[in-house]
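The values are calculated or read from the model by the stated rules, or taken from the named source; none is laboratory data. Remember, it's a predicted structure, so these values are computed and weren't measured experimentally. Using ideal geometry, Cβ is built from the backbone for each residue, glycine included, and neighbour counts are taken over all protein chains shown. Surface areas here come from the heavy atoms of the whole protein model, side chains and all, with no ligands, DNA or RNA. Shrake-Rupley method; radii C 1.70, N 1.55, O 1.52, S 1.80 Å.
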Amino acid sequence: MQRPTTYGHSPPPLHHPVPQHVSTVPQLRSPPPPISQVHPQGYDGSSPYSQPQPHQARAGPSGNMFGQYGNFMNDPAAQIATQFGQTAFRHSQEYIEQNVNRYVNVPALKRYFEVSNSYVVNKLFLVLFPWRHKPWSRKHTVGPAGQEGWYLPPREDVNSPDMYIPVMSLVTYIFLQTLIAGLRGQFQPELFGYIATTAVLTVAVEILGLKLGCYLLSISNASQLLDLVAYSGYKFVGVIATIGVAEIANAGKGTGGWVGWTVFLYTFLANSLFLMRSLKYVLLPETNSHNQGPMQTMQTGDTRARRSQRTQFLFFYSYVVQLFFMWILSRP
């Protein structure tokens, strides 16, 4: 049986039901676990479904953010151990200072490291270009007890000796020599010890010779040893300049050649003039019976012959001794 065919009539439209009240399904989350329970879900004890809160600090059962370790410092045993450690450290520091002060005046040594950036730049310029510098005399100040004749620290007087530049120059010299040996393919770890030993022995022998000369010439000074150590280290500035310029000019062939010898001769003469002018107040002090500070080095009864001997000794040290030691240090 066939359905009758109808023409001109379309089927009625379909009507879908439209919800009148929109209901939201709540997001299901697992309840937070108790604090004392061990959670295998995460390292921090949180649920893997919960969102982290970076600004929220977890607190322990007692309200301490460090948990059971928060009350460690409140433990009487910990407090006793802390007090014992502080007391032991203070006594050991006092013991070291007392024993070191027997051989080295630590408060006086600290004054040699009171430098500034401007002082370091001006001092390096003075060591390398001392030709037109004036005056060479050091500036005086009043001592701690009101006595006169005390010198200003290096940061306030460019003519004052310091320990910063000699120590840094010594370290730079050791690394520069090993660097050049490495560029030539001749580096060995033993070079550090060999170069450092050579440099330190050079300074030690120089200081011993100076002290012997001061003893024979009856030159005494409360700060003489530290001053001599400081002045003996300024030669490394000229040695570093010689090695650096010669290596660049000679394309890594050493300090030989006319360029190397020219730079060496210039730095040697500059260092010698610098020592002649600077050490004058140590080896050739002025006669002044009113000085009561560390600058008093010469008694009123010194004769002209003694002063002539000191002048010769100063010239021998500034030129002959410096020429020998700077040549040893400038060798590759």
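Using packing as a proxy for protection, rank 193-199, 275-281 so that the peptide with the highest average count of other Cβ atoms within 10 Å comes first.
So the order, starting with the most tightly packed, is 275-281, 193-199.
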Residues whose built amide H sits under 5 Å from the amide H of Trp150, excluding neighbours closer than 5 in sequence, are Thr141, Gly143
Residues of the stretch 215-246 with backbone nitrogen within less than 19 Å of a virtual label 7 Å along the Cα-to-Cβ line of Thr198, please, listed as ranges. 233-246
Note: Ala305 to Asn105 extended length (0.36 nm per residue) minus current alpha-carbon separation gives 68.7 nm
Once label points are set 7 Å from the Cα along Cα→Cβ at both Ala81 and Leu284, what is their separation, rounded to one decimal in nm? 6.6 nm
Take Phe192, Phe268, Phe175 and sort them by solvent-accessible surface of the protein heavy atoms, 1.4 Å probe, largest at the top. Phe175, Phe192, Phe268
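Return the subset of Lys139/Lys280; Lys123/Lys211; Lys110/Lys139; Lys211/Lys280 for which the Cα-Cα distance in this structure is over 22 Å, preserving the input order.
Violating the 22 Å Cα-Cα cut-off are Lys123/Lys211.
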Expected sort for 76-86, 306-316, 236-246, 321-331 on mean C-beta neighbours within 10 Å, highest first, is 236-246, 321-331, 306-316, 76-86
